[in-house]
Amino acid sequence: MTFENTREFAQDLDNKDVLRQYQDEFIFPKVNDKKVIYFTGNSLGLQPKRAKSYVDEILNDWANLAVEGHFYAQKPWWDYHERFANPLSSIVGALPSEVTVMNTLTVNLHLLMVSFYQPTATQYKIICEEKAFPSDQYMFQSQVHFHGYQPEDAIVEIKRREGEHNLRLEDILAKIAQVGDALALVLIGGVNYYTGQVFDMKAITQAGHQVGAKVGWDLAHAAGNVKLHLHDWNVDFAAWCSYKYMNSGPGNASGCFIHEQHHNNPNLPRFAGWWGHNKERRFKMEPNFDPIHGADGWQISNLPVLSLAPYLASVTLFEEIGMDALILKRDKITAYLEFILHEIDQEVNGNFEIITPANPSERACQLSVFLHGEGRSLFDYLMKNGVITDWREPNVIRLAPVPMYCSFEDMYEFGQILKAGILAK
Ligand SMILES: *Cc1c(COP(=O)(O)O)cnc(C)c1O
């Protein structure tokens, strides 16, 4: 498709956009009395309007029923999480029994490492990406220490080649083969948070299994953004936060996936709690742990229902739209943003460098742009003019044109503001 850098062309794309009505499902902050252009849904998704009624329902049930709400609320609290099984399983490509919601992302990855990282004297290494998200780095280091190994020895980072911004699949596969028998676990972000690169999760999972390692994925930037087939890819485990592309609200609960093949394995260690116990017998308060078969068996505590409520509201939007329609728009709006960036770059001699892969199969809804020669003042200009983006040192802006609520006209408008900001220097 050939694009044009005009308002009319962008409006025409909006008129043809089958997801257009969903922009009205979200609350946009305002700057100068105008809805912002929101590019940071990869950091904190906007609030769905329907979130409030879901939260109010819990508050009302709590007021009217108090403890009885566990069983008699409109959506009883004791098994509130079960409402996520169907919608989440279609979002991540899993069986309903393979997904659950609990805790928060890093906590869940720690818990899943309890089950899936069991180092031995000869097989104890972890492969991860270079410059992984800091929380993941701290997690790896502390897990390795906990088991009595040294991070310098046990953690193997896959590096970018000199002068390149992205990891090459061939280098990842080669590293897995090289570490071979010593490899206990591969755990990488499915979508890199900084560059937006999407990894070939199927090929990497297969390569890890070939050398006898377990393979897990941190899907913080992938859930609700990328088409996933966790079950078919034979991924051992995965977890994601829900406040980025899943629009569930700040710091909200995490989702996790545990492959069916591990559900009934009594040899898998896990840290247990009463919410993972046989549901029918939970309130009999028995001394011996009898885990629920499935991902729910990894639950520990009584549910934070007030925070699950906006997550559930958001999940209904994904259910209505479906990942396929979302991804069609994602690719088109991302390509349009890329086009706009190239146009503005030419107009202002900008020397912009998009470090996200140009190949649509290696990226999703994020373009990270190196604005050579620009400083923080440009970022401040964008923010003042209603473009919410984020700035990473030295001078990279990350732009996520989230398909559920961003418009093509937003992309056009952003181009105009960016140009004015650069010319205003
Ligand atoms: C956002 C993000 C996290 C955040 O973890 P929390 O435990 O929810 O604070 C972790 N890993 C990656 C890759 C992320 O992008």
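Computed with a 1.4 Å probe over protein heavy atoms only, the accessible area of MET411 comes to about 0 Å². Taken about its Cα centre, the chain carries a charge dipole of roughly 540 debye when the Cβ of each Lys and Arg holds +1 and the Cβ of each Asp and Glu holds -1. All C-alpha to C-alpha distances of the chain, sorted into 20 Å bins beginning at zero, yield P(r) values of 25, 54, 20, 1 percent in whole numbers. Per residue, the accessible area of the chain comes to 42 Å² when a 1.4 Å probe rolls over the protein heavy atoms. Using θ = phi - 60° in the Karplus curve 6.51 cos²θ - 1.76 cosθ + 1.60, the 3J(HN,Hα) couplings for segment 178-193 round to 5, 6, x, 4, 7, 7, 9, 8, 10, 9, 10, x, x, 10, 5, 5 Hz; x is entered for Gly and Pro.
With coordinates expressed along the principal axes, the C-alpha atoms belonging to segment 142-220 extend over 33, 26, 25 Å, beginning with the largest. Overall shape: oblate for segment 157-295, with the ratio a/c of the largest to smallest alpha carbon gyration tensor axis at 1.5 or above and b/c at least equal to a/b. When the surface is traced with a 1.4 Å probe over the full set of protein chains, CYS256 keeps roughly 0 Å² accessible. List the residues whose amide H sits under 5 Å from the amide H of VAL31, counting only those 5 or more places along or on another chain, with H placed 1.01 Å from N in the peptide plane. Correct list: VAL36. Under 5 Å between amide hydrogens, built in the peptide plane, is the criterion, and for PHE26 it picks out LYS49 among residues at least 5 positions away or on other chains.
Peptides 82-94, 4-16: what's the order by average Cβ count within 10 Å, highest mean first?
Values: 82-94: 20.4, 4-16: 14.3.
In descending order of packing, they fall as 82-94, 4-16.
Amide hydrogen proximity for ILE354: with H placed 1.01 Å from N in the peptide plane, the residues at 5 or more positions away or on another chain lying under 5 Å are PHE370. The radius of gyration of the Cα set in segment 81-321, together with its Dmax, comes out at 17.5, 61 angstrom.
Of the two radii for segment 368-425, the radius of gyration is 0.95 times the Kirkwood radius, both from the alpha carbons; that is the Rg over Rh value.
Based on the mean of other Cβ atoms within 10 Å per residue, sort peptides 107-117, 26-36 so the most packed one is first.
Sorting 107-117, 26-36 by mean packing, highest first, produces 107-117, 26-36.
Take every pair of alpha-carbon atoms less than 8 Å apart whose residues are at least six positions apart; their mean separation over the length of the chain yields a relative contact order of 24 percent. Per-residue 3J(HN,Hα) values for segment 404-411, derived from phi via the Karplus relation 6.51 cos²θ - 1.76 cosθ + 1.60 with θ = phi - 60°, read 5, 9, 8, 10, 5, 5, 4, 5 Hz in sequence order (x marks Gly and Pro). Measuring nothing but protein heavy atoms, the accessible surface of segment 81-321 at 1.4 Å probe radius is 51 percent carbon and sulfur.
For the peptides 373-380, 190-197, the ranking by packing is 190-197, 373-380, with the highest mean count of neighbouring Cβ atoms within 10 Å listed first.
Multiplying the residue separation of PHE283 and LYS16 by 0.36 nm and subtracting their alpha-carbon distance yields 90.8 nm. The residues neighbouring ALA121, those whose beta-carbon lies less than 13 Å from its own, together hold a net charge of -1 under the Lys/Arg +1, Asp/Glu -1 convention. Backbone geometry of segment 342-359 corresponds, through the Karplus equation with coefficients 6.51, -1.76 and 1.60 at θ = phi - 60°, to 3J(HN,Hα) couplings of 5, 4, 5, 4, 5, 5, 10, 6, x, 6, 6, 10, 7, 8, 6, x, 6, 6 Hz, x marking Gly and Pro.
The values are calculated or read from the model by the stated rules, or taken from the named source; none is laboratory data. Predicted model, so just to flag it, every value in this text is computed and none were measured. Ideal geometry is used to build each Cβ from the backbone, glycine not excepted, and the neighbour counts take in all protein chains shown. Note: accessible area is taken over every heavy atom of the protein model, side chains too, but ligands, DNA and RNA are not part of it. Shrake-Rupley method; radii C 1.70, N 1.55, O 1.52, S 1.80 Å.
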